[in-house]
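Enquirer: My structure is below; once you've seen it, I'll send some questions.
Bear in mind these aren't lab numbers, they're just calculated from the coordinates by the rules spelled out. What you are looking at is a predicted structure, and each value in this text was computed from that prediction instead of being measured. All Cβ positions, even for glycine, are placed from backbone atoms using ideal geometry, and neighbour counts span all protein chains on display.
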Amino acid sequence: MFIRIFTGNGSNTNPGPSASQPPVPVEVFIAHDTSMVYSIATIGSLKANENVAIVSEISKKVTGVYLREGTLVHRGDLLFKLDDAEIVARISKLSVEEKLAAINESRQKAQLAKGGISQEQYDNTANFLNTLRAEIEILKVDLSKTEIRAPFAGKIGLRSVSEGAWVTPALVLANLQDGSRIKVDFSVPERYAGDIRQGANITFSADYSSRQYRAVVDAVEPVVEKSTRTIRVQAICDNADGSLVPGASVKVNLELKALVKKLFIPTASLIPTIRGYDVFLVQSGKAARKQVTTGFRNRLNVEITDGLSLNDTVVVTNLLRIKPDAPLKVVKSD
């Protein structure tokens, strides 16, 4: 007797009711209106209000040093004196010739009036007199260059020459800086070009000081730097107490504008798409996908300008495990 035993493959069995999909645990954020200051942080550097390298316009020997290094000087103060003996001697020589030429010119002018000399003779004498006077003026200009004076009030730095040294226009004798006001130079990405305005307030701090300083935007570069795609900005800060040092690096915070009663959600809740961004909402315990339009954003939060309403429940975690209409279990609400 043969007994046949048939082994089923399950195709003919009646499956029982399918087990329901377990809900995905998620953390959510309740959308609400928020006020936020729209600001950016960057690195800047300090510059003196005025800064100049003191040099000589002529090549001469230093005959006097009148500055005291590291002190304040006033506009017009004498800093260095150069040898002027040769120039003074030439002026004295030409002055004597000028006096004699003036006498001759006066005499010939009287003779010309009486017809004693020709107009050409008088013109030659007058021209000689005017040439001497012009040469004297040129020498006086050269004489003024032997006195090197402060072009503005400020603090003089360390001098690089001593009395008796030979100086040329290529040699920097000292540096002069007006630190009564400080310029804060920094750059911001080009996408903020439309938000930066002259007169805007900034705050900044330096590593060598615990103080928080304030400055006002004074100028904005009208073009974008091609190499960095940034815009240069300059702000002005009062430095009457001298606590700020030109050349120092500072941390700058620029307030662009205030966003009042806007919808913000965590940046982590955004889902990038070819159309822009989507988010998942919790609606009746299930996931609902919604396209949104974003505005200002930073590392933590993003402004939603369209697509969300007040009190919408936005999913923040487990986004990769969620599909539309998937059941959700809220484990944390922020």
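Enquirer: Karplus couplings for segment 213-227 from phi (6.51 cos²θ - 1.76 cosθ + 1.60, θ = phi - 60°), rounded to Hz, Gly and Pro as x?
Expert: 9, 10, 9, 10, 4, 9, 7, 10, 4, x, 10, 8, 6, 5, 5
Enquirer: Can I ask one more? Would you mind checking the tilt of helix 85-114 against the longest principal axis of the Cα atoms of the chain, expressed as 0 to 90 degrees and rounded to 10?
Expert: So the helix axis and the longest Cα principal axis differ by about 60 degrees.
Enquirer: Whole-Hz Karplus ³J(HN,Hα) for segment 299-304, in order, using 6.51 cos²θ - 1.76 cosθ + 1.60 and θ = phi - 60°, x for Gly and Pro?
Expert: The phi angles translate into 5, 10, 10, 9, 7, 10 Hz.
Enquirer: While we're on this one: Between Arg214 and Met36, what is the spin-label point distance in nm, taking each point 7 Å from the Cα along the Cα→C-beta axis?
Expert: About 2.5 nm separates the two model spin labels.
Enquirer: Could I ask something else about it? Cα axis of helix 119-144 to longest principal axis of the chain: angle in degrees, 0 to 90, nearest 10?
Expert: Computed tilt is about 50 degrees.
Enquirer: Chymotrypsin sites (Phe, Trp or Tyr not before Pro) within segment 157-260: which are DSSP loop residues with at most 12 other Cβ atoms inside 10 Å?
Expert: Values: sites: Trp166, Phe186, Tyr192, Phe204, Tyr208, Tyr213; in loops: Tyr208.
Within segment 157-260, the qualifying chymotrypsin sites (Phe, Trp or Tyr not before Pro) (loop, at most 12 other Cβ atoms within 10 Å) are Tyr208.
Enquirer: A further question follows. Can you order the peptides 223-231, 264-272 by their average number of other Cβ atoms within 10 Å per residue, highest first? Intermediate values should be presented prior to the final figure.
Expert: Values: 223-231: 12.2, 264-272: 17.9.
Output ranking for 223-231, 264-272: 264-272, 223-231.
Enquirer: Using modelled backbone amide H atoms (1.01 Å from N, in-plane), which distant-in-sequence or interchain residues come within less than 5 Å of Ser180's amide H?
Expert: Asn49
Enquirer: For the chain, what does -39500 (n - 2.57) per DSSP helix run (n ≥ 4), summed and divided by total residues, give at 222 nm, in deg cm²/dmol to the nearest 500?
Expert: Values: 2 runs with 56 residues, N = 334.
Result for the chain: -6000 deg cm²/dmol, rounded to the nearest 500.
Enquirer: Measuring from label point to label point, each 7 Å out along Cα→Cβ, what is the His74 to Phe152 span in nm?
Expert: Each label point lies 7 Å from its Cα, and together they span 1.8 nm.
Enquirer: Mind checking the dipole of the chain: about its Cα centre, +1 per Lys or Arg Cβ, -1 per Asp or Glu Cβ, Debye to the nearest 20? Mind showing how you got there, number by number?
Expert: Values: 42 positive and 36 negative charges, 276 e Å.
Its charge dipole is roughly 1320 debye.
Enquirer: Where the centroid of each part is defined by its Cα atoms, how far is segment 255-309 from segment 124-186 in Å?
Expert: Comparing the Cα centres of segment 255-309 and segment 124-186, I get a distance of 63 Å.
Enquirer: Between their Cα atoms, which of Lys81/Lys155; Lys61/Lys140; Lys183/Lys226; Lys61/Lys99; Lys183/Lys262; Lys286/Lys332 are more than 25 Å away from each other? Could the numbers behind the result be given before it?
Expert: On the way: Lys81/Lys155 19 Å; Lys61/Lys140 18 Å; Lys183/Lys226 23 Å; Lys61/Lys99 31 Å; Lys183/Lys262 35 Å; Lys286/Lys332 16 Å.
Beyond 25 Å between Cα atoms: Lys61/Lys99; Lys183/Lys262.
Enquirer: For segment 208-228 and segment 73-119, what is the separation of their C-alpha centers, rounded to whole Å?
Expert: Spelled out, the Cα-based centre of one part sits 54 Å from the other.
Enquirer: So, one more: For segment 237-253, in order, what is each residue's ³J(HN,Hα) by Karplus, 6.51 cos²θ - 1.76 cosθ + 1.60 with θ = phi - 60°, in whole Hz (x at glycine and Pro)?
Expert: Along segment 237-253, the couplings run 9, 5, 9, 4, 7, x, 6, 9, 10, x, x, 6, 8, 9, 9, 10, 10 Hz.
Enquirer: Can you tell me the length gained on complete extension of the stretch Tyr66 to Asp195, counting 0.36 nm per residue apart and subtracting the Cα distance? Please list the in-between numbers first.
Expert: Values: separation 129, 0.36 × 129 = 46.44 nm, distance 4.96 nm.
Using 0.36 nm per residue and subtracting the Cα-Cα distance, I get 41.5 nm.
Enquirer: Here's a follow-up. When the Kirkwood radius is taken over all Cα pairs of the chain, what Stokes-Einstein diffusion coefficient follows at 20 °C and 1.002 mPa s, in µm²/s?
Expert: For the chosen part, D equals 75 µm²/s.
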